[in-house]
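Dropping a structure here in structure tokens format, bear with me for questions.
The values are calculated or read from the model by the stated rules, or taken from the named source; none is laboratory data. As the structure is a prediction and not an experimental result, all values here were calculated from the model. No Cβ is skipped: glycine too gets one built from the backbone with ideal geometry, and neighbour counts run over all protein chains shown.
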Amino acid sequence: MVASLLTVALVVAGAGAYVWLVLVPDYRTTFLVDASAGPAGRFGAIAAAVGSAAHNSGDGDALSVRRFGGTCGATDTTAEVVPAGRGQGDRIAAAARALTPSGAATLGDGVLAAIGDFSGLYPFRGKKVNRIVVVTGHGEDACAQDQAALRKTIRDRIAAAGLTLEFRFVGYKVPKGRQDGLRQLAATTGAPEPRFATSAEDLTAVLHKLTVPGPDGASHVTVPGDTPAPEPSEERKQYDFFVLMLTGWGVKVSGAPVSCAAKTKEISTDKQRCRFKLAEGQRIRLTATIQGPDPDPLRAENNPYYRPMKTPYWYGCDEGPRSRTCTVTMDAERVSKPVDTSAETPTTSRLACVATEDLAAPGGGMVTCAALTGAPPPPMPRITYADGSVDAPPG
């Protein structure tokens, strides 16, 4: 009897561990989209930016979309358009484009409903971050007679839910005279100052930053250089630094002093790396953007369950191995470590390497990056076969 109970307990514990490690995402984000009526072209830019940000997110991140906008006092002023799930970049982009803007900006109803989306046991909340990104063309709710009372209701709802939620507010073409309302709402939720974009390009860039995990999810992702290179008169020693790109996919690296990019299935060593000088004490932040076609397009044709594993991961950065962001500081520890100069690309401390989990990456991608930077080998990725079964690849 005791043995049977112990077996059951072990099975339950194992199932719980499986759910926690495999099914529960690290990051869960809801895009709360303003689908109210507005100037021509405004919603099209919002929809395109949300779709682009969804494609830019990590493969394992859980994303959803909720829209708001409608007739004041009606029951359909907000609705979940895409429930939370992973690998939904294409679905979210299509759903956002399909929305038809109409009605008034029922921002309060949208925020309250989005909080409720995180209150249930399922879909699973993120282990590390749960975030609501509000994208709106208005500074405040168009239906609320008392904006202060609405903010208090939102604050009370967050407290009653007992959740740790991050809010980020993005205003698109909001007139300066109407921006204070959004600032006050952001302060109510404990969010940073809203970002106000004036062009579709700015809006897309802001949303890309908000879907990459970081200290505040926004301001420390694509900064080219926090610490500028010292002036020559300081006589700081300069060091060669390499960025190696082993994604298999086309990739562009921003933040380096020189341009770094590789095309899909680029296998030439010279074209997979870039080299530049960093001065002792200099710090840069690098970000990788996947671009170009699938390196093996037949996978999508032959496997209805195929989902590209093209999230970029970094090795050799200050954040540690398999990081989503990359900071490089030429501090005393980094510059003092020996470098193997016999290799075509130097190993250890003066190299940052970006790769994906995609098995089409040259040389194993992440395995090679780990070996070059002295990091432990990454876990083998889980893949879905054409029959729908899920497993790690052999070997």
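Quick one: in segment 300-327, which of the residues that are in contact (Cβ under 8 Å) with a residue 40 or more places away in the chain and touching a Phe, Trp or Tyr at 6+ places or on another chain (Cβ under 6 Å) is farthest from D387 (Cα to Cα)?
Residue satisfying both the conditions and the ranking: C326.
For segment 172-214, which residues satisfy the criterion of being part of a helix (DSSP H, G or I) and in contact with a strand residue (DSSP E or B) (Cβ under 6 Å, 6 or more places away or on another chain)?
The first filter runs over segment 172-214 and keeps only residues part of a helix (DSSP H, G or I), leaving 176-178, 180-189, 200-210.
Selection gives L182, A186, T189, L203, V206, L210.
Just name the residue that is farthest from H208 (Cα to Cα) out of those in segment 266-280 that are at pLDDT below 85 and in contact with a helix residue (DSSP H, G or I) (Cβ under 9 Å, 6 or more places away or on another chain).
Only one residue fits best here, namely I267.
Answer with yes or no whether A149 is surrounded by fewer than 16 Cβ atoms within 10 Å (Cβ to Cβ) and either farther than 26 Å from G60 by Cβ or modelled with pLDDT under 95 (or both).
On the way: surrounded by fewer than 16 Cβ atoms within 10 Å (Cβ to Cβ): yes; either farther than 26 Å from G60 by Cβ or modelled with pLDDT under 95 (or both): yes.
Yes.
Right, another one. Only one of these is surrounded by fewer than 17 Cβ atoms within 10 Å (Cβ to Cβ) and at pLDDT 95 or above: T77, T71, T106, T100. Name it.
On the way: T77 fails: surrounded by fewer than 17 Cβ atoms within 10 Å (Cβ to Cβ); T106 fails: surrounded by fewer than 17 Cβ atoms within 10 Å (Cβ to Cβ); T100 fails: at pLDDT 95 or above.
Among T77, T71, T106, T100, only T71 is surrounded by fewer than 17 Cβ atoms within 10 Å (Cβ to Cβ) and at pLDDT 95 or above.
Filter segment 109-124 down to the residues that are farther than 25 Å from D146 by Cα and surrounded by 20 or more Cβ atoms within 10 Å (Cβ to Cβ) and list them by number. Lay out the reasoning, then the answer.
If we filter segment 109-124 for residues that are farther than 25 Å from D146 by Cα, which is where we start, we get 118-124.
Within segment 109-124, just F118 meets the criteria.
Here's the yes/no breakdown for (1) under 17 Å from the mean Cα position of the chain (by Cα); (2) under 14 Å from T136 (Cβ atoms); (3) in contact (Cβ under 8 Å) with a residue 12 or more places away in the chain:
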site	(1), (2), (3)
G38	no, yes, yes
R42	no, yes, yes
V50	yes, yes, yes
A54	yes, no, yes
D59	yes, no, yes
L63	yes, no, yes
F68	no, yes, yes
V82	no, no, yes
A93	yes, no, yes
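Yes or no, residue by residue, for (1) among the β-branched types (V, I, T); (2) in contact (Cβ under 8 Å) with a residue 40 or more places away in the chain; (3) over 16 Å from F31 (Cβ atoms):
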residue: A149; (1), (2), (3): no, no, yes
residue: K152; (1), (2), (3): no, no, yes
residue: V170; (1), (2), (3): yes, yes, no
residue: Q179; (1), (2), (3): no, yes, yes
residue: G190; (1), (2), (3): no, no, yes
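Considering only residues that are in a helix (DSSP H, G or I) and either basic (K, R) or in contact with a helix residue (DSSP H, G or I) (Cβ under 9 Å, 6 or more places away or on another chain) (or both), which ones fall in segment 103-121? Outline the logic, then answer.
So the first thing to find is which residues in segment 103-121 are in a helix (DSSP H, G or I), and the list is 107-117.
Hits for segment 103-121 are L107, G108, V111, L112, I115, G116.
Report whether or not R86 is over 27 Å from R178 (Cβ atoms), in the same structural domain as R195 (by TED's automatic domain parsing), touching a residue at least 12 places away in the same chain (Cβ under 8 Å) and of a type in the set (K, R).
yes
Further question: Does any residue of segment 122-130 turn out to be closer than 14 Å to A35 by Cα and not in a helix (DSSP H, G or I)? Quick ask: steps written out before the conclusion?
First, the residues of segment 122-130 that are closer than 14 Å to A35 by Cα: none.
Checked segment 122-130: no residue is closer than 14 Å to A35 by Cα and not in a helix (DSSP H, G or I).
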